[in-house]
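The structure appears below as structure tokens.
The values are calculated or read from the model by the stated rules, or taken from the named source; none is laboratory data. Remember, it's a predicted structure, so these values are computed and weren't measured experimentally. Ideal geometry is used to build each Cβ from the backbone, glycine not excepted, and the neighbour counts take in all protein chains shown.
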Amino acid sequence: MKFGRQIATLSVAAVLLAGCSTQSSINNATITPDLPSNWQQAQLGEDVNVHWLSQTSNPQLAALVYKALSNNRSLKQQAYGLAIQEQQVDISKADLWPEIDFSLNSSRQASGDPASYSNNNSLAIDVSYEIDIWGKLSDAKKQDHLTYLASKANYVNAKNQLISDVLNSYFELVSAQQLHALFKQRVNLSKENLDIISSGYKQGLNEALDVYLARNDLNAELSSLANQQARVQQASAAIEQLVGDYPAGTLVAANDIPILLDNLDIGVPSTLIKKRPSLQASWYELLAQDAALAFAHKQRFPSIRLSGSYGTQANELDDLLSGSSIAWSLLGGISAPLFNAGQLKAVEEQQALRLKQNEQAYLDSMFQAFAEIEQGITQEKSIKTQYNSTLAAKENAMIAQTLAFEQYQNGLVSYTTVLDAQERAFNAQSNVISLKKQLITNRINLYVALGGDFTDGLIKNELTNENQ
């Protein structure tokens, strides 16, 4: 009872030292941004529609994604960081519980006479506990827990970004392979042209200039083919790097680039905050900083710590548990900062400024996300228009290429006209391939910006099809 009265006295003293006007908690971070009700450039849907992902799904791509999620070294590093933060949560939880230590000590001390010595053995159990009267330790635990949630959201974001990188790299490889095949066609066409022109020159039907132009065209195409072969290897190596393989550049993509001309239902702006992992992480970081401010504020309050000890001492180890020399003690103490040259106040102000900084960072990331999505929507519309126009231009250019060579053989046009027609046809074909790749790359990046989950519409469907 006497000890209980001492603790009560310490508690009252702590309240008096804290002051009647001192708050034991601070206001949480409150942000009420003026969110747009809809997107400027898109049709609205209830949620982000994932049906388009089925058009990109194939067994090779699904296998690469799974391999990347299992083997990617950067993602593994982030997973270890998440595990470390999870352990930090357990550490902060432990601070709310009493600390119990066990000690067993044995010593021998000699006096002036070497033959004379004394033994000292002790056994003790020590208990210490800080009363979380202001909720300071709870704020520290809250901060670590929110930091863990932020790390978890960042990990999810990293997974989504890795999947999108694999998808983009895969279709980059497909595009490079298709362009390589197109360059091969150009080389073969140049060889055929050179053979026909050389034969005509020997018969006196063509001029020497046409032969030199044809040879120059062939050499240029051979150079472009070699350069494109290097790009194919680079694109293949980039995927191998993402999936954790040594980037040898030997992977070959087995599928074409899907044509995505349908619209993507993207929901409303307010759903973005709930779905996008990077914004969730930014919000958790803001709340964690709010808890850090509360902790810094309460560091200026008095602390109450209880401690107890139960143990025994004896000259011989066998006598430690005899019970004759058992002793115990219970202590209660209070400590309060009186003078530290304004250090605690400065720390609190520092944390308050960091909270304001995090608020602005969260708002900035949110509206940057909105702008990123609007840009992606606009870009998709532009690429679709370009694709349709270029597709029509390709058909016209292919016909013009054939007609130009026929007219050249009939002596109606010069060989430079043939080269110009072939160049236009090649550019149109390569532009179609490039625009198809740009369209799917923009769609993938837009889906990531919207916080979409690839596993629902891409990987799970593919696994279901494989198991059937």
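What the table shows:
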quantity	calculated
Every residue from the stretch 447-463 that is modelled with pLDDT under 60 and buried (at least 19 other Cβ atoms within 10 Å of the Cβ)	457, 459, 462
Criterion (hydrophobic (A, V, I, L, M, F, W, C) and buried (at least 17 other Cβ atoms within 10 Å of the Cβ)) met by exactly one of 137, 222	137
Conditions (1) surrounded by 14 or more Cβ atoms within 10 Å (Cβ to Cβ); (2) closer than 29 Å to residue 300 by Cβ: number failed by residue 67	(2)
Pairs with Cβ under 9 Å, 6+ apart, first in the stretch 71-92 and in contact (Cβ under 8 Å) with a residue 12 or more places away in the chain and more than 30 Å from residue 137 (Cβ to Cβ), second part of a helix (DSSP H, G or I) and of a type in the set (Ser, Thr, Tyr)	75/155
Any hit, the stretch 173-188, residues being over 30 Å from residue 414 (Cα atoms), of a type in the set (Ser, Thr, Tyr) and either crowded, with 18+ Cβ neighbours inside 10 Å or in contact (Cβ under 8 Å) with a residue 60 or more places away in the chain (or both)	yes
Tabulated pairs, the stretch 409-420, first over 14 Å from residue 217 (Cβ atoms), second among the hydrophobic types (A, V, I, L, M, F, W, C) and surrounded by 15 or more Cβ atoms within 10 Å (Cβ to Cβ), C-beta under 8 angstrom, 6+ apart or interchain	409/196; 413/404
Only one of 292, 288, 296 that is among the hydrophobic types (A, V, I, L, M, F, W, C), at pLDDT 85 or above and closer than 30 Å to residue 452 by Cα	288
